[in-house]
Amino acid sequence: MKRFLQPTLIGIATMLLGACTNIDCPLDNVVMMQCGIYDAETEQPLTLPVEWALSVKPADRDTILLNRAYGTESFLLPLKEGEEKDTLLFFLAPISYDTGGTDEEEGTQEGEGTENQPAATSIEPDTLFVNHIGTPHFESVDCPASVFHNITEATTKASPKNQLRWTLDRVKLVRNTVNYDDIENLRIYLRTTDNQ
Amino acid sequence: MTTLRTFAFIFALLTTSSLLSATSLQKSTDLLQGNCDRPTLTVTAEDSVVKNATDSVPDKKKRVTYASKEEAAKALEKAKELPTFAGFSVGFDVCGAAMAVLGSWGQYEAVARANLKGRYFPTVECGIGYSHHEDETTEIRYSVNAPYFRLGMDYNLANDVASGNRILLGARYGFSSFQYDLDGPDLIDPVYGTATPFHFSGLKGCNHWLELCAGLEAKVVGILHIGWSIRYKFRISNKPSAVGSPWYVPGFGKNDGHALGGSLHILIDI
């Protein structure tokens with residue numbers, strides 16, 4: 001009895017080990033472009049002052065991609081999966097500007113603004129252009145497929161009518177591949193203007 | 001459920017193999033302890049004449065004279081040695097075939113090996129890895145049907161090499177170059193709502209890996225052997241395609257840096 005017990009137990013252990021399966025799906029299943037904020041003069045990371053809020057929306061629709069981010073030095077933006085060019089509008093306005101919510105007392109709707117609180121979207125935005133090539137990505141049959149991007153070009157255009165203190169100066173591409181990794185893709189340099 | 005049935009089937013085969021090998025091992029142990037009924041050569045110190053220990057084979061009494069006990073022991077030991085080329089075996093893997101039929105992937109594998117002195121077994125394994133799997137959650141379908149090859153050597157640790165029962169330790173080098181198909185529902189952009197098709201065929205993959213094997217083998221009857229082995233595989237090269245790495249690699253299993261597997265071989269001596 002003892003003589004075949006050991007090989008049998010080894011066989012059972014082998015099967016049990018082989019029967020174990022694990023699913024290695026990434027925790028992040030949304031692919032986002034990592035953008036860092038830098039000072040155009042010192043080229044050092046810049047933390048947005050809490051008095052200023054950054055909102056980003058695509059040029060061709062009303063979707064808000066980034067809603068009033070403040071006190072941060074980086075942010076994430078999604079890229080279009082079905083197209084090869086993104087045109088993104090940057091609204092960098094004082095946080096007191098109205099960009100959303102319904103004020104029942106004032107009777108305003110989202111983004112309309114009031115006399116004392118202009119709407120953030122009423123200011124002239126700066127523009128970021130990102131050219132990229134999207135490629136479907138397969139990890140495992142257990143994990144949903146996603147689209148990775150390879151950024152080929154990134155440029156900015158500051159609005160000549162921007163009367164605010166901060167504006168986009170330039171952008172630098174530091175990593176072409178946009179995937180699940182939390183690695184910076186773009187460095188966005190802000191410069192101060194003569195306006196208050 | 002399918003995985004459970006697969007391993008229940010394999011467990012039944014392994015148990016059968018172990019029972020048969022235990023019976024053979026018991027007989028080997030009796031031989032070593034001198035409890036069998038085969039004739040043995042003995043030498044007495046007084047007259048150095050060899051006598052038969054038993055009368056179970058009365059028609060084949062064989063008298064050989066040796067000068068001393070040591071010479072007789074050496075002659076007995078030499079009689080047990082196998083020649084340098086002691087034979088050739090072919091066989092197939094039952095475990096992989098069962099997995100191919102019952103599970104998400106598997107392989108149909110043939111084995112050929114030489115027997116060198118009952119100690120060294122250079123082995124060639126080749127087969128076809130098969131997978132045609134669709135995940136019920138993601139609805140992604142993965143298909144591959146491609147060959148693979150393994151080359152290696154086993155070493156027999158058992159004392160009695162002539163008995164046909166073996167304790168094997170070995171290593172393999174594996175290789176597979178294959179094409180696979182991926183198919184799934186369109187990818188919907190969660191922000192913009194656009195659809196991107198997800199249909200790919202003929203994606204190429206190429207993997208190299210090494211295996212460490214350990215197992216037992218029993219002589220069932222005549223030229224028939226059954227053996228099983230545990231294999232630890234570690235990948236040394238993986239070439240991903242444009243959309244990523246393959247999910248199943250023929251001969252290796254689920255694509256990862258390392259994998260654990262097993263085999264149940266039925267072999268015939270030629």
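The values are calculated or read from the model by the stated rules, or taken from the named source; none is laboratory data. Computed from a predicted model, the values in this text were never measured in an experiment. With ideal geometry, Cβ positions are generated from the backbone for all residues, glycine too; neighbour counts draw on all protein chains shown. We work out accessible area using only protein heavy atoms, side chains counted, and drop any ligands, DNA or RNA first. Shrake-Rupley method; radii C 1.70, N 1.55, O 1.52, S 1.80 Å.
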- Query: Hey, which of the strands (runs of 3 or more DSSP E) in the stretch A:33-79, taking only ones fully inside, have at least 2 residues that are touching a Pro at 6+ places or on another chain (Cβ under 9 Å)?
  - Reply: A:33-39, A:52-58
- Within the stretch B:219-230, work out how many residues are assigned to a strand (DSSP E or B) and more than 9 Å from chain A (Cβ to nearest Cβ). 7
- With the checklist (1) touching a helix residue (DSSP H, G or I) at 6+ places or on another chain (Cβ under 9 Å); (2) of a type in the set (S, T, N, Q); (3) not in a strand (DSSP E or B) in hand, flag the one item B:Gln107 doesn't pass. (3)
- Kindly provide the set of residues from the stretch B:125-139 that are open to solvent by 30 Å² or more (accessible area, probe 1.4 Å) and either at the interface with chain A (Cβ under 9 Å from one of its Cβ atoms) or hydroxyl-bearing (Ser, Thr, Tyr) (or both), ordered by number. B:Tyr130, B:His133, B:Glu134, B:Thr137
- If you go through the stretch B:95-113 one residue at a time, how many are open to solvent by 20 Å² or more (accessible area, probe 1.4 Å) and either more than 14 Å from every other protein chain (Cβ to nearest Cβ) or not polar (S, T, N, Q) (or both)? 9
- Message: So, in the stretch B:231-254, exactly how many residues are more than 10 Å from chain A (Cβ to nearest Cβ) and on the phi > 0 side of the Ramachandran plot?
- Response: 1
- Task: Identify, from the list B:Asn207, B:Asn238, the residue that is in a strand (DSSP E or B), open to solvent by 40 Å² or more (accessible area, probe 1.4 Å), out of contact with any Asp or Glu (no Cβ under 9 Å at 6 or more places or on another chain) and not basic (Lys, Arg).
- Result: B:Asn238
- In the stretch B:166-181, how many are of a type in the set (Gly, Ala, Ser), open to solvent by 20 Å² or more (accessible area, probe 1.4 Å) and within 23 Å of B:Gly202 (Cβ to Cβ)? 1
- Message: Please go through the stretch B:82-101 and give me each residue that is farther than 20 Å from B:Ser229 by Cα and touching a residue at least 40 places away in the same chain (Cβ under 8 Å), ordered by number.
- Response: B:Leu82, B:Gly87
- Within the stretch B:187-199, identify whether any single residue is surrounded by fewer than 16 Cβ atoms within 10 Å (Cβ to Cβ), away from every other protein chain (no Cβ under 13 Å), of a type outside the set (Val, Ile, Thr) and out of contact with any Pro (no Cβ under 6 Å at 6 or more places or on another chain), and answer yes or no. no
- Query: Does B:Tyr142 meet the test of being among the hydroxyl-bearing types (Ser, Thr, Tyr) and open to solvent by 80 Å² or more (accessible area, probe 1.4 Å)?
  - Reply: no
- Note on the structure: Given (1) charged (D, E, K, R); (2) surrounded by fewer than 22 Cβ atoms within 10 Å (Cβ to Cβ); (3) closer than 30 Å to B:Asp154 by Cα, B:Glu217 misses just (2)
